[in-house]
1. Decide, for region 137-269, between rounded, prolate and oblate: order the square roots of the alpha carbon gyration tensor eigenvalues as a ≥ b ≥ c, take rounded if a/c falls under 1.5, and otherwise choose prolate if a/b is larger than b/c, else oblate.
2. Taking each pair of different alpha-carbon atoms in region 36-112 once, compute 1/r for the pair, average those values, and report the inverse of that mean as the Kirkwood hydrodynamic radius in Å to one decimal.
3. Counting only helical runs of four or more DSSP H residues, what would the 222 nm mean residue ellipticity of the chain come to if each run contributes -39,500 (n - 2.57) and the total is spread over all its residues?
4. What FRET efficiency do you get for residue 102 and residue 237 if R0 is 51 Å and r is their Cβ-Cβ distance, rounded to the nearest 0.05?
5. With a cut-off of 8 Å between alpha carbons and a minimum separation of six or more residues, what is the relative contact order of the chain in percent?
6. What is the distance in Å between the Cα centroid of region 1-65 and that of region 81-100?
7. How would you rank 166-179, 18-31, 198-211, highest first, on the average number of other Cβ atoms within 10 Å across their residues?
8. For a Förster distance of 25 Å, can you work out the FRET efficiency between the beta-carbons of residue 81 and residue 130, rounded to the nearest 0.05?
C-alpha cells in the first residue's frame, strides 16, 4: 500500500505545516492539493520565492495575524507585498506568543473587517473571536474541539451556508504513549482540560493516574488520533456534520505523512 492509499484512508483534505518544524516545500511531496502554513513570528515566514514555487504545485494559504506589524490593514502592512498573488491568506487575530505587547493591544475587530474587505477569498481563523469571525464572513477556520460537531451542526441549522474549515492536530498511531507525547501538552492547554488537571501536570507519556485519564480523553477531543482508518471514521463524521475542509497538522512531524511512515502505519493495521 502506498502513502497515498494510507493517507486517503484518513479522509483529510489538506495539511497544515509549521515553518520552524520543516521545510514547507515538502508539502508538494504529500498527497494533498492544499497546504496551510502556520504563523510562528515574522522571522519564520517563508520567503516570496519559496511561497511562489510551492504555489506553482499546490494551493497555498499563508496565515497572517491582522494585529502584527507588516500585516496590519490599519497600520503597517508592508509585508503583504512579499506574498505572491498566487498565495491565499488565512486572517487571524494572532497567537499572543508571536505578537509584541504593542501588537497584542491592538483591536481585532476593525482590522479583521478591513483585511477581509480587501481580500474576499481569505479564510478567517475563529479562535477566540468566533462572533467577530462569523460577522466578517468568509470560510470559517476553526480548531477541532469536543464541541465541534455540535457547533457546526447548530451553525448549519441556523442557516449558515458558507464554508467551514477545521484545523486538527493529527497523530497516526493508537499507541497511548505516542499520542500523549505528541499532543498531550496541546490538549492540556485547552481551557476545559486545564481546569480538570492539577497545577503543573506532567502531560506526556509519563502522566499517571487521574491526569493520564483526563489527557487520554482530551487528546481525542482536540486532535485526530489513531490508525488511518480510525482517523478516517472521525473525519467522515465531521464531513457529515457540515465541515467542508479538514486540515491535518502532523503533530509528530511531517515524516509521519510521508511515504515510509505512512506505509508502515497502514501495514500495521
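Every number here is computed from the coordinates shown, using simple stated rules; none is lab data. Predicted model only: the values in this text are computed from it and were never measured. Here the Cβ positions follow ideal geometry from the backbone for every residue, glycine too, while neighbour counts run over all protein chains shown.
1. oblate
2. One decimal place: 12.7 Å for the Kirkwood radius.
3. Values: 11 runs with 100 residues, N = 269.
About -10500 deg cm²/dmol.
4. Details: r = 42 Å, r/R0 = 0.83.
Approximately 0.75, to the nearest 0.05.
5. Values: 480 pairs, mean separation 62.9, N = 269.
Here the relative contact order equals 23 percent.
6. Going from one Cα centre to the other spans 15 Å.
7. Values: 166-179: 20.7, 18-31: 16.4, 198-211: 13.7.
Highest mean packing first, the order is 166-179, 18-31, 198-211.
8. On the way: r = 31 Å, r/R0 = 1.23.
It comes to 0.25.
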